[in-house]
1. Looking only at the stretch 51-65, which residues are open to solvent by 20 Å² or more (accessible area, probe 1.4 Å) and either in contact with an Asp or Glu (Cβ under 6 Å, 6 or more places away or on another chain) or without any contact (Cβ under 8 Å) to a residue 12 or more places away in the chain (or both)?
2. Please find, within the stretch 14-45, the residue that is surrounded by the most Cβ atoms within 10 Å (Cβ to Cβ) out of those that are modelled with pLDDT of 95 or more and farther than 17 Å from Arg87 by Cβ.
3. What's the number of the only condition in (1) in contact with a Lys or Arg (Cβ under 9 Å, 6 or more places away or on another chain); (2) open to solvent by 60 Å² or more (accessible area, probe 1.4 Å) that His71 fails to meet?
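The values are calculated or read from the model by the stated rules, or taken from the named source; none is laboratory data. These numbers were taken from a predicted model, which means no experiment stands behind them. Every residue, glycine as well, gets a Cβ built from its backbone with ideal geometry; the counts of neighbours run over all protein chains shown. To get the accessible areas, we keep the full protein, side chains included, count just its heavy atoms, and leave off ligands, DNA and RNA. Shrake-Rupley method; radii C 1.70, N 1.55, O 1.52, S 1.80 Å.
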Amino acid sequence: QDGSRFELPCEYLRVYSPSAEVRAHTGDVANLVTGKEQVNIKKMTPVGQYAIKIFFDDGHNSGLYDWDMLHDLGANYEANWNRYLERCQREGVTRSN
């Protein structure tokens, strides 16, 4: 609504998926997803006028990315990505694990 546009990496969208698998029904990123550096998007389909469904080439396709979530992911990309990298380091894994 505010005209914002963001270009978000596929890996970022995948590790911050709104799926229950990633968010563990809490709304927070509960499960640390790694090994997605090379993931790409196969297709995206609209869900009504409120969201999109993203089909990744690793087979993941659950969870709906609504426009508010996508705006939040775009507006907070740097902080979210740094938090993800810090968590990887804290848990002793790399993005490619």
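1. Correct list: Gly59, Asn61.
2. Val39
3. Unmet for His71, out of (1) in contact with a Lys or Arg (Cβ under 9 Å, 6 or more places away or on another chain); (2) open to solvent by 60 Å² or more (accessible area, probe 1.4 Å): (1).
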